[in-house]
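**Student:** For reference, the structure I am asking about is given below.
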Amino acid sequence: MSRGDVVVVSGAGLSTDSGLPDYRGSGGSEKPSVDFDMFTGSHTWQRWVWQRNQETWRALDALAPTEGHTILAEWERDGIVTGTATQNIDGLHVKAGSERVAEMHGSFTRVTCLDCGEVTDRAALDPRLRELNPHTVDDPDPANAAILAEADYAKAAESTFTVAQCASCGGTLKPDIVFFGEAVQAMDEAFDYARDAKTILVVGSSLLVMTGMWVVTQGLSSGADIAIINRGPTQADRLADVRIEGGISETLAAVDKILTG
Ligand SMILES: [Zn+2]
């Protein structure tokens with residue numbers, strides 16, 4: 001393989017080895033989550049979203065990349081992978097060392113200000129929120145991570161959480177995770193990667209969330225082959241040149257062994 005060969009499209013199945021639940025980004029959601037209009041229109045929902053975010057942030061922050069993330073980062077360093085378009089918000093591609101990553105659904109590692117647009121590091125907000133809310137109890141189980149907060153109004157109305165304001169402008173802060181009803185991020189970057197790809201490698205996504213399918217479609221129209229590793233069917237199975245039913249880390253490890261032999 002040569003430079004420019006492989007662009008990765010990754011989804012929740014890549015991260016489930018690390019203990020994360022599936023991202024309830026779109027479709028398949030058992031309970032509705034607080035959407036963008038609810039968040040922007042109500043202090044009650046803002047308190048609740050930030051309470052759930054703070055309770056589960058440390059568990060997300062402590063997650064380690066899976067073997068699959070590590071192999072993909074090595075392939076990027078080796079020039080095999082030229083870019084990754086991910087539906088995951090867990091930041092694990094970046095933590096594993098990948099540098100060309102389009103985080104289409106945002107990242108829990110960042111915070112955005114809805115008023116001045118400044119994007120800041122979520123870690124820097126942690127001590128401020130802790131000081132404002134000294135009684136917050138951390139939930140250490142990543143399976144409970146409130147990637148998006150459940151839209152439970154009774155619980156939200158009971159929240160006494162104190163939200164922090166933007167340190168620059170005093171405006172409203174929001175986790176930089178794409179909510180329902182909000183524009184996705186980094187699609188230009190994702191399409192740029194796909195346009196130059198010879199192979200689109202889908203890992204751990206059913207492609208029911210449209211962002212992933214858009215990147216696959218871009219790859220197809222640029223003449224790329226499609227390879228899929230996933231447990232369960234995907235929206236692109238009929239378009240795939242190679243289709244492997246299996247776990248991501250073990251399959252990538254087996255391919256890596258062949259490549260680096
Ligand atoms: Zn601001």
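The values are calculated or read from the model by the stated rules, or taken from the named source; none is laboratory data. Since the model is a prediction, treat every value here as computed from it, not as a measurement. Here the Cβ is made from the backbone with ideal geometry for all residues, glycine too, and neighbour counts use every protein chain on show. Protein only, heavy atoms only, side chains kept; ligands, DNA and RNA dropped before computing areas. Shrake-Rupley method; radii C 1.70, N 1.55, O 1.52, S 1.80 Å.
**Student:** What single numbered condition from (1) out of contact with any Ser or Thr (no Cβ under 9 Å at 6 or more places or on another chain); (2) modelled with pLDDT of 95 or more fails to hold for A143?
**Tutor:** That leaves (2) as the condition not met.
**Student:** Any idea which of (1) in contact with a Leu (Cβ under 9 Å, 6 or more places away or on another chain); (2) polar (S, T, N, Q); (3) within 16 Å of the ligand (Cβ to nearest atom) is the one S168 doesn't satisfy?
**Tutor:** Here S168 clears every test but (1).
**Student:** Give me the pairs: first residue in region 195-214 and over 17 Å from T251 (Cβ atoms), second residue acidic (D, E) and surrounded by fewer than 24 Cβ atoms within 10 Å (Cβ to Cβ), beta-carbon distance under 7 Å, and six or more apart or on different chains, which are they?
**Tutor:** That search, which allows pairs on different chains as well, returns K198/D5; K198/D225.
**Student:** Among the residues that make up region 42-63, is at least one of them over 30 Å from P134 (Cβ atoms) and of a type in the set (A, V, I, L, M)?
**Tutor:** Looking for residues that are over 30 Å from P134 (Cβ atoms) and of a type in the set (A, V, I, L, M), one finds none in region 42-63, hence no.
**Student:** Find the residue count for region 171-204, including only residues that are within 16 Å of the ligand (Cβ to nearest atom) and part of a loop (DSSP other than H, G, I, E, B).
**Tutor:** 1
**Student:** Separate question: If you go through region 160-195, how many residues are touching a strand residue (DSSP E or B) at 6+ places or on another chain (Cβ under 8 Å), acidic (D, E) and open to solvent by less than 50 Å² (accessible area, probe 1.4 Å)?
**Tutor:** The total comes to 1.
**Student:** Kindly indicate the residue of region 117-154 that is in a strand (DSSP E or B) and surrounded by 14 or more Cβ atoms within 10 Å (Cβ to Cβ) and also farthest from the ligand (Cβ to nearest atom) among those meeting that condition. First the steps, then the outcome.
**Tutor:** At the first step, the residues of region 117-154 found to be in a strand (DSSP E or B) are 119-121, 150.
From the residues that got through so far, the ones that are surrounded by 14 or more Cβ atoms within 10 Å (Cβ to Cβ) too are 120, 150.
Working: T120: 9, E150: 27 Å.
It comes out as E150.
**Student:** Also: If we keep just the residues of region 71-116 that are open to solvent by less than 10 Å² (accessible area, probe 1.4 Å) and within 16 Å of the ligand (Cβ to nearest atom), which is farthest from G247 (Cα to Cα)?
**Tutor:** C113
**Student:** Does A157 satisfy being in contact (Cβ under 8 Å) with a residue 60 or more places away in the chain and open to solvent by less than 40 Å² (accessible area, probe 1.4 Å)?
**Tutor:** The answer is no for A157.
**Student:** Moving on to the next point. Against the condition open to solvent by less than 70 Å² (accessible area, probe 1.4 Å), under 24 Å from the mean Cα position of the chain (by Cα), closer than 26 Å to W75 by Cβ and in contact (Cβ under 8 Å) with a residue 24 or more places away in the chain, how does A236 come out, does it pass?
**Tutor:** Taking the combined requirement at face value, the residue satisfies it.
**Student:** Does region 210-233 hold any residues that are open to solvent by 20 Å² or more (accessible area, probe 1.4 Å) and hydrophobic (A, V, I, L, M, F, W, C), and which are they?
**Tutor:** Listed by number, the residues that qualify are M210, M213, W214, L220.
**Student:** While we're on this one: Quick check, is T109 at pLDDT 95 or above and either within 21 Å of Q185 (Cα to Cα) or of a type in the set (F, W, Y) (or both)?
**Tutor:** Yes, satisfied.
**Student:** As an exercise: evaluate E67 against (1) more than 16 Å from E182 (Cβ to Cβ); (2) open to solvent by less than 10 Å² (accessible area, probe 1.4 Å); (3) not hydroxyl-bearing (S, T, Y) and give the number of the one condition it does not meet.
**Tutor:** It fails just one condition, (2).
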